[in-house]
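Everything on this sheet refers to the single structure shown next.
Please treat every number below as a calculation from the coordinates, not as lab data. Just so it is clear, the model here is predicted, and its values are computed rather than measured. Here the Cβ positions follow ideal geometry from the backbone for every residue, glycine too, while neighbour counts run over all protein chains shown.
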Amino acid sequence: MLDFQVYPTYGLLSRAAADVVVSTLEAKPEAVICLPSGSTPLGMFRELVLRHEQGLVNFTRCTFVGLDEWIGMGPEEEGSCRQVMDQDLLHPIGFRAEQILFFNAKADDLPADCERINQALQQLGGLDLIVLGIGMNGHLALNEPGTPFDTYAHISELEPITKEVGQKYFKTPTILTGGVTIGLRHMREARQLVLLASGEAKAPAIARALRGEVTESFPASLVQEHPDALVLLDSEAASDLLQPGLS
């Protein structure tokens, strides 16, 4: 059974997640780290920015890898993964451009851009740390149900629920045609994988990911087979796991 850690509040969960990032950089200042955009990691980002301002963590030698992006969007589009990441983490911490490896989701040749990411990660020696959220349908990044576990960076056809949930990042209704994403094989090969979840709405997905069948139809289930996976939850996200009699 996969171990997981449960915190009574989102704030404590966020601090624990930041602790992992800081510990990774203390052990290996030139680490290659991949962090998600979105609402779940916001508290972790605030904590990392605070520690940076206090001189408690050094980001100057690491490489940051972007997790995913909506097709056709770049850092200038409000609500894009890059814009959110720039706003919440990269700009406040002062990441230099040469430290950042991110998809160009506006590229004319998206398969070639995915291959650029694949080759760059190979040259960097792979991911030292990847931090992930979990989708309601079990997706990791934009790897939707049915994505092969051995897939590297690729173009993703989005499920309706992903398009619907994705609207929360935009001020007006936005057509999301697809995505580009780090692959499930990158996640499986990462030296450490951290999965974050907060809120009662994520409880069913977390229970299935940690206790259900390991299957490509529910990508998050791969955490069960990762040799160094850490699952950090608040009490609401863990509520289905903590029911009496659940094994």
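Quick look at the numbers
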item: The listed residue being farther than 25 Å from Asp234 by Cβ, part of a helix (DSSP H, G or I) and of a type in the set (Lys, Arg), out of Lys163, Lys168; result: Lys163
item: Test: Glu26 is buried (at least 19 other Cβ atoms within 10 Å of the Cβ) and part of a helix (DSSP H, G or I); result: no
item: Answer from Thr40, Thr24, Thr60 - the residue that is polar (S, T, N, Q) and within 20 Å of Lys202 (Cβ to Cβ); result: Thr40
item: Within the stretch 83-117, tally of residues that are among the charged types (D, E, K, R), part of a helix (DSSP H, G or I) and touching a residue at least 24 places away in the same chain (Cβ under 8 Å); result: 3
item: Output for the stretch 118-129, where each listed residue is in a helix (DSSP H, G or I) and not small (Gly, Ala, Ser); result: Asn118, Gln119, Leu121, Gln122, Gln123, Leu124
item: Only one of Gly146, Gly166, Gly212 that is touching a residue at least 12 places away in the same chain (Cβ under 8 Å) and either over 28 Å from Lys106 (Cβ atoms) or within 18 Å of the chain's Cα centre (by Cα) (or both); result: Gly166
item: Qualifying residue in the stretch 176-191 (condition: polar (S, T, N, Q) and either crowded, with 18+ Cβ neighbours inside 10 Å or touching a Gly at 6+ places or on another chain (Cβ under 8 Å) (or both)); result: yes
item: Selected residue (criterion: nearest to Val32 (Cα to Cα)) from residues of the stretch 130-160 that are polar (S, T, N, Q) and part of a strand (DSSP E or B); result: Asn143
item: Residue that is surrounded by the most Cβ atoms within 10 Å (Cβ to Cβ), among those in the stretch 136-175 that are of a type in the set (Gly, Ala, Ser) and either closer than 22 Å to Ser198 by Cβ or touching a Cys at 6+ places or on another chain (Cβ under 7 Å) (or both); result: Ala141
